1. Taking the Cα of B:I698, stepping 7 Å toward and past its beta carbon, and measuring to each backbone N in region B:732-747: which are under 18 Å?
2. Only helical DSSP H runs with n ≥ 4 go in: add -39500 (n - 2.57) per run for the protein assembly as shown, normalise by residue count and round the 222 nm mean residue ellipticity to 500 deg cm²/dmol.
3. Along the Cα→Cβ direction, 7 angstrom out, place labels at B:S44 and B:D199. What is the inter-label distance in nm?
4. When only Cα pairs under 8 Å and 6 or more residues apart are kept, what is the percent relative contact order across chain B?
5. Provide the FRET efficiency to the nearest 0.05 for the B:K750-B:N4 pair, computing r from the beta carbons and using R0 = 45 Å.
6. If you line up the long axis of helix A:170-187 against the longest principal axis of chain A, both from Cα atoms, how many degrees apart are they, to the nearest 10?
7. Which stretch or stretches of region A:36-63 have amide N atoms under 20 Å from the point lying 7 Å from A:V225's Cα along the Cα→Cβ direction?
8. Show me the ranking of peptides A:113-120, B:468-475 by mean Cβ neighbours inside 10 Å, starting with the highest.
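What follows is calculated from the coordinates using simple rules that are stated; it is not laboratory data. The model shown is predicted, which means the values in this text are computed figures rather than measured ones. Here the Cβ is made from the backbone with ideal geometry for all residues, glycine too, and neighbour counts use every protein chain on show.
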Amino acid sequence: MFISIEKLKKSYRTGEVETAVLKGIDLKLKKGEIGVILGPSGSGKSTLMNILGGIDRCDSGKITVDGTVITDLNDDQLTNYRRDQVGFIFQFYNLVPNLTVAENVEVVSNISKAPLDTDEVLKAVDLLDKKHRFPRELSGGEQQRVSIARAIVKNPKLLLCDEPTGALDFTTSREILKLLQQINKGYNTTILMITHNTAISAMADRVLRLRSGEIAGETFNGKTVPAERIEW
Amino acid sequence: MVINKKITRTMLENRSSYLGSLVLIIISCLLFTMMTQLSGNMASLTSAFEKDYVQDDAVFVTAGKLDNIRELESKFGARIEEGASFDYAATKDKTLRIFRQNTKVDLPAVIEGKNLSGGDIMVDPSFAKANGLKIGDGLRVFDRTFKISGFVSLPNFIYILKNETDIINDPQTFGIAVIGKDDFDRFDKGSSFYSIKFDPVSGAGGVNSASTNSASAANDNGSIGAREKQFRDYLKASGVLVSQWTDIGDNARVNYVKIKIEGIRGVSTSMPAAILLLTCILTGIVVWRMLQRESIIIGTLYAQGYRRKELRRHYLMYPLTIAAIGAITGTALGAFTLRPMLAVMVSYFNIPVGSITYSAGYIAASLLLPMFFLGISGAFVLQKVLRNTPIDLMKGVREKNRVNFIERKLKLDRFRFATKFRIREQLRSLSRLAFLLIGVVMATMLLLLGFTAKSSLDNLMNYGFKDTYKFQYEYVYRSLQEARTPAGAEKFSAASVTLKSNSDTSFEIVGIEPGAKYLLLKNKNGTALNPDQVIITRPLAEKLKAGPGDIIDVVGKTDSREYSVTVDSIAETFIGEFIFMPIEQLNKQIGLPAGSYMGLWSDTALAIPENQLYSARTVEDSVKDFNKSTEPIQTTVGVISFMSFIIGLIVIYVVTSLIIEENKGNISLMKVFGYRRKEVNSLILNSSSIMIVIGYIIGIPLILTTMSMFFKSLTESVKLTLPVVISYPYVIIGFIVIWLTYEISKAMSKRKVDRISMAEALKAGTE
């Protein structure tokens with residue numbers, strides 16, 4: 001398995017109150033698969049994503065990504081893990097406003113061991129002609145495409161997407177999902193996406209439903225649907 | 001309003017920015033109050049001293065004794081008194097100049113202790129302090145012991161210089177003292193001179209009813225210069241030979257205090273104003289950022305019925321609170337430091353200190369100006385934000401995402417990412433950039449101010465004096481000499497003159513031997529000029545706007561003889577305002593016998609009886625004394641450097657904090673992307689490096705130009721020319737200090753960068 005999560009637990013303490021956010025999660029994902037985590041607000045999906053991305057730590061349990069037990073890594077090793085293996089896509093794009101499109105992509109290629117060519121990646125997301133523009137001169141969909149270009153320029157093994165279409169309209173959302181599917185196929189990148197939108201699960205190989213920090217259901221999808229055919 | 005409760009809380013949350021503004025205002029008000037009150041008090045104390053103790057208009061020496069002083073006083077409406085002094089060498093390098101007590105002009109002021117009675121002596125307080133002398137102590141002068149009855153100031157000896165040509169006093173080695181007439185005369189030593197003080201001209205009545213021709217001439221041209229000329233003409237007509245004449249305006253011992261007061265006055269407004277400007281920009285930025293951050297709250301309050309006026313009043317409280325606290329603290333500190341500062345000044349300039357006065361106008365300005373300017377800068381940014389509609393404000397006026405025209409025009413493709421990021425980071429906020437640049441330029445200028453002063457003085461002594469004067473000993477006789485010069489010595493003569501067209505412009509013409517080897521004058525190419533010609537020094541050439549071929553018409557100060565000299569060359573030297581010409585040519589022009597001279601230059605000490613000499617000095621000792629006496633400047637340089645370090649630290653730390661605050665999201669994002677701590681620090685904290693270098697480079701010519709202009713305006717009235725230079729080691733030291741400031745502020749900021757969590761990126765809003 002490319003990703004293996006076993007009995008993952010995480011809780012937060014606020015004063016005297018301790019809140020269990022993840023209560024023993026198990027998840028597996030093969031190399032090159034698309035996984036979708038569904039769940040309402042507060043179900044723990046963002047926490048799961050953060051721990052998997054090496055941004056947060058768990059209380060107990062084990063996560064293995066491509067043979068590396070990331071729950072055993074120290075801070076510096078976690079930094080290297082994020083740097084070399086994980087790409088992030090955020091709901092609100094998180095672009096640097098005073099850097100151009102190309103420069104925003106370079107933020108990541110700058111620290112990558114073997115980055116892809118910036119122009120090639122921008123061409124892949126259909127933004128090469130806008131490489132000198134600043135984020136505020138782009139539409140929401142275009143900004144998310146820059147965010148995707150930035151995430152894939154390091155050619156990550158794992159792409160973590162936090163509500164990638166959450167701030168977009170239907171048509172633009174479909175375009176973004178199509179692009180993610182293309183990247184998955186073209187670069188054999190494993191993608192894990194969190195979303196509220198159940199319709200998106202149609203394009204995923206595996207779907208995990210979370211509720212109050214526990215798995216409420218897990219589905220294996222034998223017949224994934226192309227993104228352009230998804231409706232909601 | 002209940003929302004005013006959050007003023008203190010917000011300030012504490014962003015304490016580095018507010019504290020930075022506060023410290024800058026305190027420094028600004030402290031300097032303004034202290035300097036304006038100091039220069040005001042110094043000016044009034046000096047002027048009262050000059051008036052109350054009848055400072056002379058001129059001091060002169062005659063070949064013979066004046067026996068008609070009463071008649072002269074009456075004829076010229078003046079007070080004339082014969083004074084006398086001698087130098088007593090207490091030890092090899094400790095000299096006390098002892099004066100006979102005057103009763104009409106240049107009266108001694110008892111600043112502590114009692115006036116003289118028989119067997120008493122009064123010494124200047126700086127000499128007494130430096131040499132551990134107290135009132136009541138005994139002081140031996142030759143074979144007699146005097147009792148120190150008090151400390152004294154002389155109105156013609158405010159800055160206690162041993163020689164007129166000295167620049168810095170040294171109370172350790174030289175001081176003045178006054179003894180009674182009978183005690184003085186018992187020594188049967190020293191030389192006499194006359195001090196003259198003209199009475200003020202009152203109305204059309206003239207100088208004095210007894211002075212007929214002179215009085216009418218004085219009415220035509222009642223300036224002191226004109227009255228002095230009439231006086232000298234009269235002496236000449238009466239057969240009295242005046243061998244020395246020194247106007248009070250040419251007396252360095254009085255001039256320096258004027259220069260110092262003017263200097264403080266000049267700096268007293270410009271420096272605090274520059275700091276206040278910095279503070280206004282800083283506060284403007286801080287308020288602007290706060291309004292950005294709180295735009296949603298402002299919009300909500302607007303929507304709920306708050307009036308624009310109420311919101312403006314609330315947000316203006318931030319800059320006004322800072323301004324009020326800073327102004328009150330700074331002004332109070334400035335007022336408290338006035339007395340110790342005045343004590344420091346009085347340790348240099350020997351004047352009696354009466355009561356200290358505070359100028360209500362300056363105190364009010366110090367209290368109100370920060371509030372006025374910070375209020376305006378705050379109101380300016382408030383106006384920009386409050387003109388938005390509540391709905392726009394509630395959506396958030398995301399100004400930070402705006403890209404300015406410079407950022408848009410920049411083509412940075414050829415640079416590596418880190419360079420591009422740092423350039424864009426600097427250009428992102430032009431006001432922040434201006435603040436950083438002005439701050440670094442100011443800190444540089446302040447830092448180099450002390451270094452430039454020290455370099456310029458060193459340069460003047462080491463390259464001005466030592467390169468020009470090649471002799472070891474200079475002797476000036478009291479009377480004209482016609483004897484053969486001793487072997488190895490070179491003779492010279494000197495004539496004090498004024499311009500024929502302007503009696504207030506005076507300088508010296510020095511006659512030197514045609515083959516003079518003890519004076520080396522060079523042209524601008526560095527080639528030695530032949531001494532067998534008329535050579536004008538660069539400062540005088542500039543003052544008179546004279547060059548080779550020009551004819552200068554002059555009038556002798558002592559004999560009113562009129563003659564002309566034709567300039568052959570200009571010497572690039574800053575030793576003073578002189579014309580050098582062959583001695584025989586000068587003797588002929590001023591009517592002195594061929595072969596006569598007034599002084600000697602020599603490589604070795606000459607055995608000349610003391611009573612024949614007006615002055616004797618060695619260049620080596622002067623340089624040694626000078627170097628020793630410039631040591632206090634190093635303390636001043638240290639203090640100024642420390643102040644510039646503090647200002648630099650505040651500015652750079654605040655800018656770095658602003659950069660970190662503005663980049664919170666980006667820093668967090670970089671951490672998420674796997675940037676290492678060192679890499680984040682390098683990108684964010686090092687982004688100002690280039691501006692520090694640029695600011696420093698801009699600061700150097702600015703301080704040189706400013707100081708040149710400053711010195712020029714200060715020294716216009718005296719014959720001191722100080723070429724402003726800064727030596728390379730000081731430029732390097734200055735840069736190291738500024739860079740150190742930068743590194744310290746970066747080190748202080750590192751913790752802030754470390755504290756930013758990766759969660760910041762995850763909760764970021766749009767874009």
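1. B:735, B:738-739, B:742
2. Counting only the DSSP helices, I get -15000 deg cm²/dmol.
3. 2.9 nm
4. Here the relative contact order equals 16 percent.
5. 0.80
6. 80 degrees
7. Answer for region A:36-63: A:36-40.
8. B:468-475, A:113-120
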